[in-house]
Structures are given as structure tokens and as C-alpha cells.
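Heads up: the structure comes next, in C-alpha cells.
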Amino acid sequence: MSLVLLTGITGFLAAHVLDALLAHPAGYRVRGTLRSLSKKDALLARLAPADRERVELVVVEDTASSDLTEALQGVEYVAHVASPYQLNVQDAERDLLKPAIEGTLNVLRHAARTPSVRRIALTSSFAAVTDFSKGGPNRPGYTYTPEDWNPSTYEDAVKAGGEGAFAYSASKKLAEKAAFDFIEQEKPQFELASFCPPMIYGQTLQPGVTKSNLNTSSKTIYGLLTNAEKVPDNRLPLFCHARDVADAHANYFAVQDVPKTRRYLLCSPEPYTWELAVGLLAQDPALEPRLPKNYKDVAHTDAESLKAKYARLDTSLAQKELGLQFCGFKQTLDESVQSLLELEKGADW
Ligand code: NDP
């Protein structure tokens, strides 16, 4: 059984990557890195006993600076998922740029010194692809391809500071670019693919999750259920189910022939808006009183008409090479909401 190193196993997406690896017919073993053992029991408790035996955990305090020699011992594949996804931080450089870029380079440098490593999957983002100065997702008729790159520089991000999505987006672009540059310059033994999804939604499965430490994307979904003043603004009306993103990572390790580097864009073919979301949620009378107060005043655009309104992503490589089919919005929203409703029944919520 091949051993996969999964960085940041305590995160939202990483929980889905773990499930995809454990369910994959290739039958992987998983070594997950976490910053401390405080969530260890909760993490393992979610798994079936037979799966638990295929998972080991190793403390890596900081992917950007820790020694990863032991963590990589005997590892064939690496899913580098850990990276800060926060949209409001005090210091863009300290809290986003350095952990993202140095975290990626530290993993790659150690992997290059570990002959058993054959392939690395890097979780990047549509944030690394899109050009916000040209409208980002608001480019009707435009199709983003793997050739598109967010043009922001390190200096732009430092200047913008830690408030809002700018520095986060730059951190993803610069980390991904650094990874491809590393391959070109150092010519290591492993292959590398990056995965660029827009918003990721789906069940909130990470250990120790509570209302106060919800990951950024689940927080927005939960915000629809907290009787907020208004329906949120539509910042990024494109998404991918977490399970699809996770399958992309797991399938990449199993396919036979891949080029030295690949960049996979991942996205559901169905754009969404929060107006569409609250319209769908209002069909459940139990949820209706929890929706944003103005939800009846907003236009409940149908899903079909949204396709002409926003940019698309060219996901053909992921469909063809990794066998992906993307989940639609209603199912993704339902699964996200149901898991949050389950979580809030817990004593620790
Ligand atoms: P989470 O905040 O749930 O997970 C982030 C993970 O990274 C956590 O495990 C966190 O550890 C770990 N981490 C952060 N900084 C460091 C560090 N310096 N050293 C070690 N570990 C660190 O977010 P997501 O699961 O949403 O994000 C996972 C990946 O997916 C990121 O790369 C993100 O950019 C990408 N992504 C997410 C999208 C989304 O909508 N969710 C969209 C597109 C891309 P700890 O648990 O200890 O805090």
C-alpha cells in the first residue's frame, strides 16, 4: 500500500482528501501532519476502525520551517493541502504570504531529498488563476484556462495588507508559481500537479470544529442560517464540491502516465448566487425563519440563467485525465447545510 503524506490533516478540505484516499481502490495509507495533537482523538473517532489502522499522525508545527525528513520517510505521494485560508489577518506577510510560499517550498525541498517521493498534489486555488482587475468571475463569455494567472505580486499584497481577499489570493498565486519554478530549476525526481478550485463547499468534517473556529467557506454557508440582516454579496459565484476536489487529488496519484507538471482547474458547471441559495433553502419551512431578514426581497435567479452571467473554468483536463464529474449546486448546498445542522446539535458547538 502506497503511503501518502497529507499536510494539514485537521483542515476542512483535508478531511475530504483523507476520505478520498481511504476510499480509493488503490488502497492508500495516509500519514497526516498536524500542528498539535489536541485534535487527534476527534480526528480518529470519525473513521471506521479498519480505516483508522491505515492512518498515522505526525506533528509538524509549521510546514514553512519544520524539518520534514521523518514525516516524508517512505512516502510515495504528497498532498500538500495546508495553507492559511483567512481573509482578515493582521499582517499579510507573516500570516498569509510566508506560510503559503515557504510552506510549499519547504515541502518541495524536503521531497526532493526523499527518493521515494514520486508525485506531489498541491492545493492551489482559482484565486491563483483569476485576474480581479478584469472582473475576476464577472467576465461573461470568458473561459479561464490553465494558462491564466493572477497578476498580483508580493509587493502588491504587502501593500494591500491583510484585510480582504487580495493578500490571500496573492499568497496562493505566489506559492503555486514558486512550486512550478522549483520544478523547472531543480529538476527533482517527482511530478507535480496543482489544483485550482474556486469556493469549496461540502460537509464540514474537520475535527474539533465549532461555531467560533469554522473554516472560511463553511462560515459563509452557516451565515445563511443565522438570521442575518441581509443576503451576502456575491464575491465568487463559482464553486466545487469538496469531494470533487479531494477525488482530484486522490485520482492524480493513481493515474498511469502524467507529464512532469500539470495545472488542473476544478469547478462545477453550475454557477450560484446567494439569492439562489436562500431561494433553495426557503423551500424547507424549518429553515425559513433562520434565513437573512431580506431574503424575500432579493431576486431568486434560476440556476440556468447564471451560466451566461459569469466566467467559466476550463476543467476538461481534470475530466479527461482524472475522470472527474462535478457536483451541482443544490446537492452541494444541501450537504453543506445538513452537516452544519448536525454539528450545531453537539454540546461543544
Ligand atoms: P482550513 O482553514 O480548514 O485548513 C487549513 C489547514 O492548513 C489547517 O489544517 C491548518 O492547520 C493548516 N495550516 C495553516 N497554516 C499552517 C502552517 N503555517 N503550518 C501548518 N499548517 C498550517 O481551510 P481549507 O480546508 O478551506 O483550505 C485548505 C486548502 O484549500 C488551502 O490551501 C486553501 O487555500 C485551499 N482552498 C480552499 C478553498 C475553500 O473555499 N475552502 C477554495 C480554494 C482553495 P490548523 O488546523 O492547525 O489551523
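In segment 168-200, how many residues are under 14 Å from the mean Cα position of the chain (by Cα) and away from the ligand (no atom under 12 Å from the Cβ)?
The qualifying residues number 0.
Filter segment 242-262 for residues that are under 24 Å from L205 (Cα atoms) and more than 11 Å from the ligand (Cβ to nearest atom); which is surrounded by the fewest Cβ atoms within 10 Å (Cβ to Cβ)?
N251
Could you identify the single residue in A71, A42, A23 that is away from the ligand (no atom under 12 Å from the Cβ) and surrounded by fewer than 24 Cβ atoms within 10 Å (Cβ to Cβ)?
Unique residue meeting the criteria: A23.
All but one of (1) more than 11 Å from the ligand (Cβ to nearest atom); (2) within 21 Å of the chain's Cα centre (by Cα); (3) free of Cβ contacts under 8 Å to residues at least 40 places away in the same chain hold for E61; which doesn't?
Of everything listed in (1) more than 11 Å from the ligand (Cβ to nearest atom); (2) within 21 Å of the chain's Cα centre (by Cα); (3) free of Cβ contacts under 8 Å to residues at least 40 places away in the same chain, E61 misses just condition (1).
When you scan segment 26-39, how many residues do you find that are out of contact with any helix residue (DSSP H, G or I) (no Cβ under 6 Å at 6 or more places or on another chain), in contact (Cβ under 8 Å) with a residue 24 or more places away in the chain and either within 14 Å of the ligand (Cβ to nearest atom) or aliphatic (A, V, I, L, M) (or both)?
7
For segment 295-333, how many residues are outside any loop (DSSP other than H, G, I, E, B), under 23 Å from the mean Cα position of the chain (by Cα) and free of Cβ contacts under 8 Å to residues at least 40 places away in the same chain?
Result for segment 295-333: 3.
Coordinate-derived values only; no laboratory data. Treat the numbers as computed from the prediction; the structure is a model and nothing was measured. No Cβ is skipped: glycine too gets one built from the backbone with ideal geometry, and neighbour counts run over all protein chains shown.
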